[in-house]
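K.L.:
Can you read through this structure? Questions will come right after.
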Amino acid sequence: MLLCCFLLVTRSTRAQTTTDALMIPQNFYCAGAMYTTNYWTNYWEGTFKRDNGNIGKLTTNTYSFFGNYGITNKLDVLFNAPYVTTNASAGTLKGQHGLQDLTLSLKWLPYQTKIGSSVLGAYAILTGSTPLSNYEADFQPMSIGLHSQWASIRALVNYRLDRFFLAASGEYIRRGDINIDRNSYYTTHLIYGNRVDIPNGNNWLISSGYRSIHFNAEATLQQTTSLGGFDIRKNDMPFPSNTMNWTMAGVMFKYSFDRVSGLELTAGGDYVLKGRNVGQATTIFGGVLYLFNFSKNKPKS
Amino acid sequence: MKKYRFFKIALVVSLPVLFLGSCNKSIIDPTNTYKPLAPANIDINADTWKPVLITSATTFTVPAPDAVTSPAYVADLNEIKGYQAGLTSAQRAIIDYWSAGAVLRWNEILRDLVAKHNLPPYQNDDGSYPAPSSTNPFAYPQFPFANPPYAARAYAYVSAAQYDALVAAYYYKKQYNRSAPYVNDPGVNALIPKSTLPSYPSEDAVVAGASVEIMKLLFPTEIAFIEQKAAEEMQYRIMAGANVRGELTAGQSLGAQVADVFAARARTDRAGKAIGTPDEWVQLQTNATSRGDQYWISLESPARPPQLPLFSKVIPFLFDTLTVVAMRPAPPNLAGSAAFQKEAAEVLYYSQNPTRDRQAQVEFWADGIGTSTPTGHWNAIAANEFVKENYSEVRWARNLALLNMAQMDVAICCWDTKYFYFNERPTQANPKIKTLTGIPNFPSYTSGHSNFSGAAAAVLSYLLPDRGTKFTDLATQASLSRLYGAIHYRSDIEVGLQTGAKVGQYAVQRGQSDGAGN
């Protein structure tokens, strides 16, 4: 029969995200739309890397709307709402689609100091996420997500020297149980009940790059690790509570137009270098952002 | 300013805690909450019930027990007292677990092993598939691949062996009429509900002995795990004050002796040859073509050989092999016929217009790889009902044996139909039909789920008439889930339910005449 694997949907809001040190000024609002495509043909069952003729290439497309508002210069609120479609190029399993999970974040800059001509900042980012629709989570790898509520806290340190920066951050993610449509399931033993314990996780990320008023370029390297879960056995189906680990490298670019004040374009990609119970995914994204100024003293960027 | 900073710190500390704490993490497995078994009726005359295979309890050896005044018995009592003087919480958990019932827990263990071993082999580099080997069970792919027919047979053998072993045990229980340890010695506490059933040989040990012996054959890579479970159960009986060691030893021995009768049958019931040969697989295609039908091809990549095509030849429990052929339904709609196209169009509709409710139904009944199979699902349904009935162990075993013999026999009939007609799945006829669950690797007509569910509903409705249409409603849902999942035509599920009900009636007739009453 068929089998395969699943990759947690990757971040889609990349400009002023929950993983960078960019803050939006007070009473500014940044609205954006992003297209992300994510695909893989190889995946890992535990540590066993394989492809699957019953899946072929699994493609996940994400269309997301997001926003970022400056409550103060040091406190932002962000949201992201994605619509996701999946499709397998081979096999018989039907692709899924639907509104996925709403994430809401608070991003706070409690501490910033100048050291000579450089700036050191410390950030805290709280994120909460909840499904926006009753999509099927127990149809991996076709499902559009895990249908789990989760909350996370990230601490980030950013060091900036002129136009170059280096940032490092760590995140702890706590995931809630989910209810599936079955009343028994096998992990490392058979469990009776429809409630599934989704493992918590953490993420470590370093990024470095160049930021000017008009152009940003950065590279990232990150490691996401499940704190629990279990491996997909050889030729088994994936399951929402599998351990899912991956090391991913990526680049991101952003360009702000001079002529059209407030308009920005962003694009980039990621690649999974190494994983466990995930697909070796390539991600490419592109988006458009527009900055609105709701503050009283208009001119100022 | 200071106050502001305090609030800031409070916010920083409390928000993450509130946030992270808002995710609900609590899994409760309802099978861990079952109450200790307290039979409403000990079925003292179960020695007169009709067994499945054994001819007489007297063909087995159960030595007379030691006198209750003997030093050996007194030593056994002291062993109980020693445990009871210092029970740990882990030991109490063992008592809580096993006191729900031996037949119930062994049925759960079997479902667990089926789910664990229900994995299709991964292909070789050349695109062929390795087959599990009972003579080399640890080599990849491990033996067995507990697919639906293999599993149905396993459930039948384990349940029937437990039942016959308990019938034999009742004979000796009455013959030797030994009271429970807590009756013979007031210094022994009964940590589970007391029973007036004679305690030599122990019914728990009989069930364990039979289960271990037959499961060694069915799951040869799991012997250590199975033996450890049995040892734990024996320890439970002693710790709970329910049996002395001598009663357990005699019980395990009797259970194993009875199970050997079943193991001998299992070795010669033709299941070992069910995989067939490449020549036989080609012959199936020829048969379909000669009927003017399109023959089945595997929709897996690489194409996988058909699943146990000669399972149809396995010897059933409830009737003979001629009856299998006699019950074979009329042919499916010929590929390309108007009736066929109409049904294929309906499948395409369900493929293209899924609703969330239908998808939930498909997932609920998927019972695909890595699950305890449809038979395991129906065992779980049955077990959930049986725990409410406070059955004796022997009635538990008898009722599961009726259910699971029907499951095995309906698997034989269903596989006979599938491989006699060898027709194509909807997706083979129309690749636009994408499915909401995996397509099983065998022909379409008739639906396995419908056969299993029709048979299970007939047996359970007989055993529990006060449940009304509960089981037939569930069977209908199970069979419709296969149409909604876009892997079966409507005629597959309708005819499958009918065959299932017919096979189920054979088990009902057996139940009506086995001396156990309803």
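K.L.:
What is the order of A:Met23, B:Met408, fewest Cβ neighbours within 10 Å to most?
P.N.:
Starting with the residue having the fewest Cβ neighbours, the order is A:Met23, B:Met408.
K.L.:
By its C-alpha gyration tensor, with a ≥ b ≥ c as the square roots of the eigenvalues, how is the protein assembly as shown shaped: rounded for a/c under 1.5, else prolate for a/b larger than b/c, else oblate?
P.N.:
Verdict is oblate for the protein assembly as shown.
K.L.:
Below 8 Å between Cα atoms, with a sequence gap of 6+, how large is the relative contact order for the stretch A:28-293 in percent?
P.N.:
The normalised contact order for the stretch A:28-293 reaches 18 percent.
K.L.:
I need B:Ser481, B:Ser179, B:Ser298 ordered by Cβ neighbour count within 10 Å, fewest first.
P.N.:
B:Ser179, B:Ser298, B:Ser481
K.L.:
Still on this model: Please give the calculated 222 nm ellipticity per residue for the protein assembly as shown, where each DSSP H segment of at least 4 residues contributes -39500 (n - 2.57) and the sum is spread over every residue; nearest 500 deg cm²/dmol?
P.N.:
-12000 deg cm²/dmol
K.L.:
Further, regarding this structure: How charged is the neighbourhood of B:Ala85? Take every other residue with its Cβ under 15 Å from the Cβ of B:Ala85, and add Lys/Arg as +1 and Asp/Glu as -1.
P.N.:
With Lys, Arg at +1 and Asp, Glu at -1, the net is 0.
K.L.:
Let me ask you something else. Given contacts defined as C-alpha pairs under 8 Å and at least six residues apart, what's the relative contact order of the stretch A:39-138, whole-number percent?
P.N.:
Reported as a whole number, the value is 21 percent.
K.L.:
Relative to the first principal axis of the alpha-carbon coordinates of chain B, what is the inclination of helix B:223-239, with its axis defined by its Cα atoms, in degrees from 0 to 90 and to the nearest 10?
P.N.:
Orientation of helix B:223-239: about 40 degrees from the principal axis.
K.L.:
Given axes a ≥ b ≥ c from the Cα gyration tensor, I'd like to know whether chain B is rounded (a/c under 1.5), prolate (a/b larger than b/c) or oblate.
P.N.:
Here chain B falls in the oblate category.
K.L.:
If one takes the longest principal axis of the Cα atoms in chain B, at what angle in degrees, from 0 to 90 and to the nearest 10, does the Cα axis of helix B:2-21 lie?
P.N.:
So the inclination is approximately 80 degrees.
K.L.:
Right, another one. Tally Lys and Arg at +1 and Asp and Glu at -1 over the other residues with C-beta under 9 Å from the C-beta of B:Ile94: what net charge comes out?
P.N.:
-2
K.L.:
Sticking with this one: So which of B:Lys273/B:Lys418; A:Lys234/B:Lys432; B:Lys273/B:Lys434; B:Lys418/B:Lys502 end up more than 24 Å apart by C-alpha?
P.N.:
Distance filter (> 24 Å) returns A:Lys234/B:Lys432; B:Lys273/B:Lys434.
K.L.:
In terms of Cα to Cα distance under 17 Å, which aspartates and glutamates are near enough to B:Lys35, apart from those fewer than 8 places away along the same chain?
P.N.:
B:Asp96, B:Glu108, B:Asp204, B:Glu233, B:Glu385, B:Glu389, B:Glu393
K.L.:
Between the stretch B:249-289 and the stretch A:91-119, how far is it from one alpha carbon centroid to the other, in angstrom?
P.N.:
Here the answer is 57 Å between Cα centres.
K.L.:
In which sequence would A:Phe28, A:Phe66 go, from the one with the fewest C-beta neighbours within 10 Å to the one with the most?
P.N.:
Taking fewest neighbouring Cβ atoms as first place, the list is A:Phe28, A:Phe66.
K.L.:
What is the stretch A:28-293 by shape, rounded, prolate or oblate, if you read a ≥ b ≥ c off the alpha carbon gyration tensor as root eigenvalues and call it rounded for a/c under 1.5, prolate for a/b larger than b/c, and oblate otherwise?
P.N.:
Note, shape of the stretch A:28-293 comes out prolate.
K.L.:
With an 8 Å Cα cut-off and a minimum separation of 6 or more residues, compute the relative contact order for the stretch B:300-443 in percent.
P.N.:
Relative contact order for the stretch B:300-443 comes out at 50 percent.
K.L.:
Once you've got the Cα coordinates, tell me which of A:Lys49/A:Lys254; B:Lys116/B:Lys194; B:Lys81/B:Lys194; A:Lys94/B:Lys470; A:Lys74/B:Lys25 are over 25 Å apart.
P.N.:
A:Lys49/A:Lys254; B:Lys116/B:Lys194; A:Lys94/B:Lys470; A:Lys74/B:Lys25
K.L.:
Let me ask something else about it. Please check: in the Gaussian network model of chain A (C-alpha springs, under 10 Å), which one of A:Leu190, A:Leu102, A:Leu291 has the largest mean-square fluctuation.
P.N.:
Per the Cα network of chain A with a 10 Å cutoff, A:Leu190 tops the list.
K.L.:
Let me ask something else about it. Over the whole of B:364-377, what's the average partner chain Cβ count within 10 Å per residue? Rounded to a whole number, please.
P.N.:
That works out to 4 on average.
Each reported figure results from applying straightforward, stated rules to the coordinates on display, with no laboratory input. Quantities reported herein were computed from a predicted structural model and do not represent experimental measurements. Cβ coordinates were reconstructed from backbone atoms using ideal geometry, including for glycine residues, and neighbour counts include every protein chain displayed.
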